[in-house]
Amino acid sequence: QRRLVESGGGLVQPGGSLRLSCSATEFIFRMYSLGWYRQAPGKQREMVATISDVYTTNYADSVKGRFTVSRDNPKNKIYLEMNNLRSEDTAVYYCKATLGTNDYWGQGTQVTVSS
């Protein structure tokens, strides 16, 4: 059964850093486009960063220069390095794997930026 599991969330002070990981099982991982999305309370889920099967990356304007997405195909993992975190980055972060019209989502990990 295809499964995505996020980890690495937590509480961090403004200006701090976190590294999120997402592990995939039962995927031919290298074929999938991958991404990180987030949803803050009362808001719609939004794209944070994506990385294609050929390693093309795309970022939301709000995180450019602060976040970095990467993937490790042999380990079936995707990462999100988050630096200079702000209170507005507080949200549940989800990873997504896409192949054609098929999307798979993880359960999410909470990131809270607060002093």
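The values are calculated or read from the model by the stated rules, or taken from the named source; none is laboratory data. The model shown is predicted, which means the values in this text are computed figures rather than measured ones. Cβ placement follows ideal geometry from the backbone for every residue including glycine, while neighbour counts extend to all protein chains displayed. Remember, those area values only see protein heavy atoms, side chains included, never the ligands or the DNA or RNA. Shrake-Rupley method; radii C 1.70, N 1.55, O 1.52, S 1.80 Å.
Couple of notes before you dig in:
- Every residue from region 97-115 that is within 15 Å of S23 (Cα to Cα) and either in a strand (DSSP E or B) or of a type in the set (A, V, I, L, M) (or both): A97, T98, Y104, W105, T109
- Restricting attention to region 80-115, the residues that are surrounded by 14 or more Cβ atoms within 10 Å (Cβ to Cβ), under 14 Å from the mean Cα position of the chain (by Cα) and closer than 13 Å to G9 by Cβ add up to 13.
- Of all residues in region 13-60, those satisfying the criterion of being open to solvent by 20 Å² or more (accessible area, probe 1.4 Å) and among the β-branched types (V, I, T) are T25, I28, T50, V54, T56, T57.
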